[in-house]
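Student: Can you read through this structure? Questions will come right after.
The values are calculated or read from the model by the stated rules, or taken from the named source; none is laboratory data. It should be emphasised that the depicted structure is a prediction, and the values quoted were computed from it without experimental measurement. Methodologically, a virtual Cβ is constructed for each residue, glycine included, from the backbone with ideal geometry; neighbour enumeration extends over all protein chains shown.
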Amino acid sequence: MIDRHLRHRYSRQTVFPGIGEAGQEKMIKSTAVVIGCGALGGNIANLLVRAGVGKVRIVDRDFIEEHNLQRQVLFTEDDIKERLPKAVAAARHLSRINSFVDVEGIVADVNFTNIERFCSGADVILDGLDNAETRFLLNDVSLKHGIPWVYGGAVASVGMTMTVIPGKTPCYRCITPALPGPGTAPTCETAGVVGTVPAVIGALQATGAMKILVGGEVNRGLTIIDVWRCTCNTLELGKREDCPACHGKYEFLESAFALKTTSLCGQSRAVQVVNAGISGIDLQELAARLGKMGKVECGEHMLQFHDDDREIIVFPDGRAIIKNIIDEELARQLYETYIGKLTRTSQANG
Ligand SMILES: [Zn+2]
């Protein structure tokens, strides 16, 4: 039974027959994991927290920049001044929106070593990602553990979404057999994005998740929306006979494909260096050391270092994003020069 206060709080959606009080109770007992908290993830998390999903975990590796504010609804100019990572800022704002929801913000680069941990206990996973590689990884985790997920993508004036129910519907790999070649797919940086696209797609993704959680009918097919033309089409798709993921072969999770070409929030001139050999880094200690070489701004959640035209952002997990650079080898060298020794297993995503 929902208590009186919450019954009143959620009354405008429980009176809707598709949800009802029974559906609301299920949502309150549920956990949703949002992977990526940019434009899509921010819209999704906002709606799920307001709807009263009991636990919402947000995972994002990025920090906030001014050009994000055009479409990333959870962030403010103050968040940029405070140098908050997206996951931290999002969790802070969402907790103020609905204090009855357990909101968890995790600052981390999602990869094959940690994605299963981030998704454990989830009743539904939501895709707020900006790259296909991690999406394939998410698809593998979903199918391996039988957790439904809702795909979403947005670029220029077009967005699309699809619900994946393991074993029942086609999966993401059924409809996208292989990774697009580097630089072949349009990104928000090269093709732009109208802010209303992630608003519409994020809302549909959140609705798809709510339907899964209340046990209602599931959305079928791939829905494609063009906000500028004002068109909406849903394609009926079938499972692909030779889909590895649908046959229990999780190639991305088993890291058969190295994550090499992950662009950073559509930034082509930024390289992320992951140092797999360390568990964390003392930002204050690093700030004291780097202060002798250039301008350093250090907060609790990230450190920014400027040297000539370079900007290096370091996170407590030892990860760094190096801006205004495209050469991965140079990025590794800069990491070793300024931050510390890289281990052999570390990777750079450019
Ligand atoms: Zn499949």
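Student: Only one of (1) part of a helix (DSSP H, G or I); (2) under 21 Å from ALA51 (Cβ atoms) is not met by MET162, so which one is it?
Tutor: With (1) part of a helix (DSSP H, G or I); (2) under 21 Å from ALA51 (Cβ atoms) applied to MET162, the lone miss is (1).
Student: In the stretch 97-105, is there at least one residue being buried (at least 24 other Cβ atoms within 10 Å of the Cβ) and part of a helix (DSSP H, G or I)?
Tutor: no
Student: For HIS67, indicate whether it is free of Cβ contacts under 8 Å to residues at least 24 places away in the same chain, touching a helix residue (DSSP H, G or I) at 6+ places or on another chain (Cβ under 9 Å) and not in a strand (DSSP E or B). First the steps, then the outcome.
Tutor: Working: free of Cβ contacts under 8 Å to residues at least 24 places away in the same chain: yes; touching a helix residue (DSSP H, G or I) at 6+ places or on another chain (Cβ under 9 Å): no; not in a strand (DSSP E or B): yes.
Answer is no for this residue.
Student: State the number of residues belonging to the stretch 241-255 that are touching a helix residue (DSSP H, G or I) at 6+ places or on another chain (Cβ under 6 Å) and near the ligand (Cβ under 10 Å from one of its atoms).
Tutor: Qualifying residue count, the stretch 241-255: 2.
Student: I need a count of the residues in the stretch 172-199 that are in a helix (DSSP H, G or I), surrounded by 18 or more Cβ atoms within 10 Å (Cβ to Cβ) and either acidic (Asp, Glu) or away from the ligand (no atom under 16 Å from the Cβ) (or both).
Tutor: Within the stretch 172-199, residues that are in a helix (DSSP H, G or I), surrounded by 18 or more Cβ atoms within 10 Å (Cβ to Cβ) and either acidic (Asp, Glu) or away from the ligand (no atom under 16 Å from the Cβ) (or both) number 3.
Student: Among residues belonging to the stretch 220-240 that are within 16 Å of the ligand (Cβ to nearest atom) and of a type in the set (D, E, K, R), point out the one that is surrounded by the fewest Cβ atoms within 10 Å (Cβ to Cβ).
Tutor: My answer is GLU236.
Student: If you don't mind, there's one more thing I want to ask. Those residues that are among the β-branched types (Val, Ile, Thr), away from the ligand (no atom under 11 Å from the Cβ) and in contact with a strand residue (DSSP E or B) (Cβ under 6 Å, 6 or more places away or on another chain), I need them from the stretch 157-171; list them, please.
Tutor: First, pick out the residues of the stretch 157-171 that are among the β-branched types (Val, Ile, Thr): 158, 161, 163-165, 169.
Remaining after also requiring away from the ligand (no atom under 11 Å from the Cβ): 158, 161, 163, 165.
If the condition is that a residue be among the β-branched types (Val, Ile, Thr), away from the ligand (no atom under 11 Å from the Cβ) and in contact with a strand residue (DSSP E or B) (Cβ under 6 Å, 6 or more places away or on another chain), then VAL158, THR161, THR163 are the ones that fit.
Student: Please find, within the stretch 143-156, the residue that is nearest to HIS247 (Cα to Cα) out of those that are within 16 Å of the ligand (Cβ to nearest atom) and not in a helix (DSSP H, G or I).
Tutor: Taking the stretch 143-156 and keeping what is within 16 Å of the ligand (Cβ to nearest atom), we get 143-151.
If we keep only those that are not in a helix (DSSP H, G or I) as well, we get 146-151.
Numbers: GLY146: 13, ILE147: 16, PRO148: 16, TRP149: 18, VAL150: 20, TYR151: 20 Å.
Filtering the stretch 143-156 for residues that are within 16 Å of the ligand (Cβ to nearest atom) and not in a helix (DSSP H, G or I), the one nearest to HIS247 (Cα to Cα) comes out as GLY146.
Student: Here's a follow-up. What is the number of the single condition among (1) in contact with a Pro (Cβ under 7 Å, 6 or more places away or on another chain); (2) surrounded by fewer than 18 Cβ atoms within 10 Å (Cβ to Cβ) that VAL164 does not meet?
Tutor: The failed condition is (2).
Student: From the list LYS323, LYS295, which one is touching a strand residue (DSSP E or B) at 6+ places or on another chain (Cβ under 6 Å), basic (Lys, Arg), surrounded by 13 or more Cβ atoms within 10 Å (Cβ to Cβ) and modelled with pLDDT of 80 or more?
Tutor: Sole residue among the options that is touching a strand residue (DSSP E or B) at 6+ places or on another chain (Cβ under 6 Å), basic (Lys, Arg), surrounded by 13 or more Cβ atoms within 10 Å (Cβ to Cβ) and modelled with pLDDT of 80 or more: LYS323.
Student: Here's a follow-up. When the stretch 119-134 is examined, which residues are found to be surrounded by 21 or more Cβ atoms within 10 Å (Cβ to Cβ) and under 17 Å from VAL56 (Cα atoms)?
Tutor: Listed by number, the residues that qualify are CYS119, ALA122, VAL124, ILE125, LEU126, ASP127, GLY128, LEU129.
For every residue, the table says whether it meets (1) over 21 Å from LYS26 (Cβ atoms); (2) of a type in the set (A, V, I, L, M, F, W, C).
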position	(1), (2)
THR169	no, no
PRO177	yes, no
THR187	yes, no
GLY192	yes, no
GLY195	yes, no
ILE201	yes, yes
GLN205	no, no
GLU217	no, no
THR223	yes, no
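Student: Follow-up. If I ask for residues that are closer than 18 Å to ALA122 by Cβ and among the hydrophobic types (A, V, I, L, M, F, W, C), which ones from the stretch 204-234 would you list?
Tutor: Selection gives ALA206, ALA209, MET210, ILE212, LEU213, VAL214, VAL218.
Student: A further question on this structure: With respect to GLU77, determine if the residue is over 22 Å from GLN272 (Cα atoms) and either free of Cβ contacts under 8 Å to residues at least 24 places away in the same chain or surrounded by 14 or more Cβ atoms within 10 Å (Cβ to Cβ) (or both).
Tutor: Spelling it out, GLU77 is indeed over 22 Å from GLN272 (Cα atoms) and either free of Cβ contacts under 8 Å to residues at least 24 places away in the same chain or surrounded by 14 or more Cβ atoms within 10 Å (Cβ to Cβ) (or both).
Student: Sticking with this one: Tell me, yes or no, whether the stretch 268-282 has at least one residue that is at pLDDT 90 or above and either under 20 Å from the mean Cα position of the chain (by Cα) or surrounded by fewer than 18 Cβ atoms within 10 Å (Cβ to Cβ) (or both).
Tutor: yes
Student: Right, another one. Here are GLY23, GLY41: which of them is within 27 Å of the chain's Cα centre (by Cα), within 18 Å of ALA199 (Cβ to Cβ) and not hydrophobic (A, V, I, L, M, F, W, C)?
Tutor: Answer to the selection: GLY41.
Student: Can you pull out the residues in the stretch 200-221 that are in contact with a helix residue (DSSP H, G or I) (Cβ under 7 Å, 6 or more places away or on another chain), under 16 Å from CYS232 (Cα atoms) and part of a loop (DSSP other than H, G, I, E, B)?
Tutor: ASN219
Student: When you check ILE97 against the structure, is it within 12 Å of VAL33 (Cα to Cα), modelled with pLDDT of 95 or more and not small (Gly, Ala, Ser), yes or no?
Tutor: No.
Student: In the stretch 279-336, which strands (runs of 3 or more DSSP E) lie fully inside it and hold 3 or more residues that are in contact (Cβ under 8 Å) with a residue 40 or more places away in the chain and either out of contact with any Cys (no Cβ under 9 Å at 6 or more places or on another chain) or not hydroxyl-bearing (Ser, Thr, Tyr) (or both)?
Tutor: 320-323
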